[in-house]
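Working notes, structure below.
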Amino acid sequence: MSTGNVPKPIAGASSFIDDRIGAGNFLKRNLRKIFPDHWSFLLGEIALYSFIILLLTGTFLTFFFKPSMGHVVYDGSYEPLKGVMMSEAYASSLHISFDVRGGLLMRQMHHWAALLFVAGMMVHALRVFFTGAYRKPRELNWLIGVGLLTLALLEGLTGYSLPDDLLSGAGLRITEGVAISLPLVGTWITFFLFGGEYPGEDVVSRFYSLHILLIPGILLALITAHMILMWVQKHTQMPGKGRTNTNVVGAPFYPAFMAKAGAYFMFTFGTIALLGTFAQINPIWLFGPYTPADISAGSQPDFYMGFLEGSLRLMPAWEINVLGFTLPMSVLIPALVPMGIIMTGLALYPFIEQWVTGDRSEHHVAERPRNNPHRTSIGISAVTFYGILWLLGANDEIAAFFHVSLNWTTYIGRVLIFVGPAVAYLITYRFCLGLQRSDAAVIGHGVESGVIKRLPSGEYIEVHVPPNEDIAAHMRGKTAVPMVAGPDADTDGVPSKAMRGPLGRLRAKLSKVYGGEKIPLDGDHGHDEHAAIGSGTEDDRSLTH
C-alpha cells in the first residue's frame, strides 16, 4: 500500500526528533506502518489494555497494603469485625475497602482487570490457534504467548492469596497440599513458600514480592518482546481481495490504528470501571480472616483456576506406596497432568504440525478455521476438556442447585472428561466439512437473489447471482493443507529413505489424514444461475445444481 505524502504531524515530529537524536527516518517509517483490519485482532488488545490497568490500579493498592501476617486486633470502620484478631494483610485490605477514598473501587477494578487480562489472553490464543497464525515465522512469538499465559495464572494465584481472607486461605491450603505432594522437592518448596510449617509467617510477604516485582517484571519483558516481534514480522491478515503473503492491506499506524487503539483502550477502561462500580467481586469482609481450622461453604476460585479445582474433585483417591514413600496420585495427577496437557500441547503444536505436514514455508495470511478441520477439531476438543474440568469444579454447587446426587455428578464428570473431547472432535470435524461444502456451493452456484421465476414447464426457480467480490476473494483464499508425502517422494513416486522407517511411515499416515484438500472449492458443482424452490407437479420439482 502506498503511503503517499507524509502527514504534517508526522513530518514535524520526525524532523524534531531527527534534529536531536537522528531517528526521524525511523519514526517516519514506523508511524506509517500498515496494520490489517479485522475484529478478531482486537482480542489481544483487550489483554494488553487490561494489563496496563492492572499496573495502574496495583500501584495505587501498594501504597496502602501491608504484606504481613503479624496479628492485630481490627479497629476499623467495618463494625461486624471490630475486635477480631486478624493478620495485618487482612486488616489493611479492609482498610483499603472502607477507609481509603476510592480504595474499594481500585480493589474491584484490579480484580476485574485481572480476570479480563487472563480471559483476553485465552481468547487471543484461541484466535491465533484456530487461524494458524502461529506458523512460520511466528513460532517464537507463540511460545512467548504460552509463557505469558502460564505466568498470568501464577500472577493471579499470588494476588488472590494476598488479602489473607478465608476464601483465599482455602485456595492457599490447596496450593500447599499440591506443593507438598511433589516427590523429593515438595517439602522443600513448601517450607520455602511458607517459611516453615503451614501456614507459617512468610507466605504473604513472599507472595507479595512475587506478585508486584518478579512476575510483573517478567510479564512486562515478555509482552515487550511479543510486541516487538509482532511489529517486525508484521501482523497476519485474513484472506481477502488483494491480500497475499507479500503485502499487507489495511490502514497506517498513524492516525487510523492509533485512534482506534486509543478509543479501544478507553472502552476497555470504561468497562472495567463500570464493573468495579456496579458488580461486586471478592467481598473479603463477608468471608472473615483466614484460620486453618475454618473453611467457607461453596468456596470457588477465580475462573482461570477452576479447571484445576475440577480435576482435584474428579480424581479418585489413588495413592502409591513405594519404599516407604507415598505418592498421592489423587493430588499429583490433577495438579500436573491437565495443566501439562494444555500448556505443553500449546507449546509443541506448531512444531508437531510442521513435522506432520512438512510445511516450512512462511505464512502471513491466516486460515479460516473451517479450512483446517483437524486443527479446529483438536482445538475444540481441548476447549471441551478444559470446560468440563471448569464446570465440575463447582460439582457441589451443581448438585445443591439441581437437587441431584453429588456422587453422580462426579461419576458423570469422570466419564465426560474422556468422552466429551472425542465427541466434540467428531462434531466439529463434520461442521467444518459442512461449512466447506457451503463455501463451495456459493462459489459454484452463487447466492440467492430473492428473484423468483416460473419456467414454461411450470417450475418455480430462484435466480442465483455471483457472490460479492470481497466475499468470493475471502473464500478463495483457501489453500489445501500441505502433505508430506508429495515433497518427500522422488520422481518415480518412491518414498524417500527418511520415510521408509517406522517413524516415516507413521508421519506419512498422519500427514495423509491431517493434510490434503477435504472439500474442493471448485469441485464437481454445476454453474446454474438458479435453484429450484418448488413447482406445480411432483415430477417437476427437482433441479440439478
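The values are calculated or read from the model by the stated rules, or taken from the named source; none is laboratory data. Everything quoted here is computed from the prediction, not taken from an experiment. Cβ atoms come from the backbone with ideal geometry, glycine included; neighbour counts cover every protein chain shown. Each accessible area value is taken on the protein alone, full model and side chains, heavy atoms only, with ligands, DNA and RNA left out. Shrake-Rupley method; radii C 1.70, N 1.55, O 1.52, S 1.80 Å.
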(Q) Quick test of your reading of the structure: LEU149 fulfils all but one of (1) of a type outside the set (S, T, N, Q); (2) open to solvent by less than 20 Å² (accessible area, probe 1.4 Å); (3) modelled with pLDDT under 95. Name the failing condition by number. (A) (3)
Q) Failed condition for ILE341, given (1) under 29 Å from ASN247 (Cα atoms); (2) assigned to a helix (DSSP H, G or I); (3) open to solvent by 50 Å² or more (accessible area, probe 1.4 Å), with all others met? A) (1)
(Q) The conditions are (1) of a type outside the set (S, T, N, Q); (2) under 22 Å from the mean Cα position of the chain (by Cα); (3) under 30 Å from GLY169 (Cα atoms), and TYR264 fails exactly one of them. Which is it? (A) (3)
Q: For the stretch 179-198, enumerate the residues that are open to solvent by 40 Å² or more (accessible area, probe 1.4 Å) and in contact (Cβ under 8 Å) with a residue 24 or more places away in the chain.
A: LEU182, PRO183
Q | Subset of the stretch 59-77 (residues that are part of a helix (DSSP H, G or I) and not aliphatic (A, V, I, L, M)) | A | THR59, PHE60, THR62
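Residue-wise test of (1) at pLDDT 85 or above; (2) open to solvent by 60 Å² or more (accessible area, probe 1.4 Å); (3) aliphatic (A, V, I, L, M).
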position	(1), (2), (3)
SER14	no, no, no
ASP19	no, yes, no
LEU27	no, no, yes
PRO36	yes, no, no
PHE41	yes, no, no
GLY44	yes, no, no
Q: Could you list, in sequence order, all residues of the stretch 387-407 that are open to solvent by 50 Å² or more (accessible area, probe 1.4 Å) and within 21 Å of the chain's Cα centre (by Cα)?
A: TRP390, LEU391
Q.
Checking GLY169 against (1) open to solvent by 70 Å² or more (accessible area, probe 1.4 Å); (2) in contact with a Pro (Cβ under 8 Å, 6 or more places away or on another chain), only one condition comes out false. Which one?
A. (1)
Q. Inside the stretch 87-124, can you point out the residues that are within 22 Å of LEU229 (Cα to Cα) and surrounded by 22 or more Cβ atoms within 10 Å (Cβ to Cβ)?
A. PHE117, GLY120, MET121, HIS124
Q | Residue that is least open to solvent (accessible area, probe 1.4 Å), among those in the stretch 272-285 that are part of a helix (DSSP H, G or I) and in contact with a strand residue (DSSP E or B) (Cβ under 9 Å, 6 or more places away or on another chain) | A | ILE284
Q) Yes or no: PRO67 over 19 Å from THR277 (Cα atoms), open to solvent by 60 Å² or more (accessible area, probe 1.4 Å), in contact with a Phe, Trp or Tyr (Cβ under 8 Å, 6 or more places away or on another chain) and in contact (Cβ under 8 Å) with a residue 12 or more places away in the chain? A) no
Q.
Within the stretch 448-481, take every residue that is of a type in the set (A, V, I, L, M, F, W, C) and touching a helix residue (DSSP H, G or I) at 6+ places or on another chain (Cβ under 8 Å) and give me the one that is surrounded by the most Cβ atoms within 10 Å (Cβ to Cβ).
A. VAL481
Q: Could you give me the residue pairs with C-beta distances under 8 Å whose first residue belongs to the stretch 112-139 and is outside any helix (DSSP H, G or I), whose second residue is polar (S, T, N, Q) and open to solvent by less than 20 Å² (accessible area, probe 1.4 Å) wherever it lies, and which are 6+ apart or on separate chains?
A: THR131/SER40; THR131/THR236; GLY132/ASN372; ALA133/THR236; TYR134/ASN141; ARG138/THR236
Q) Which of the residues belonging to the stretch 88-102 are in a helix (DSSP H, G or I) and either free of Cβ contacts under 8 Å to residues at least 40 places away in the same chain or charged (D, E, K, R) (or both)? A) GLU88, ALA91, SER92, HIS95, ILE96
Q. Among (1) modelled with pLDDT of 70 or more; (2) surrounded by fewer than 16 Cβ atoms within 10 Å (Cβ to Cβ); (3) under 25 Å from LYS234 (Cα atoms), where does SER50 come up short?
A. (2)
Q | Residue list for the stretch 271-300, filter: within 19 Å of ALA394 (Cβ to Cβ) and among the β-branched types (Val, Ile, Thr) | A | ILE281, ILE295
Q. Which one of these does GLY379 not meet: (1) over 16 Å from CYS432 (Cβ atoms); (2) buried (at least 20 other Cβ atoms within 10 Å of the Cβ)?
A. (1)
Q.
Can you tell me how many residues within the stretch 286-308 are open to solvent by less than 40 Å² (accessible area, probe 1.4 Å), modelled with pLDDT of 85 or more and more than 19 Å from the chain's Cα centre (by Cα)?
A. 3
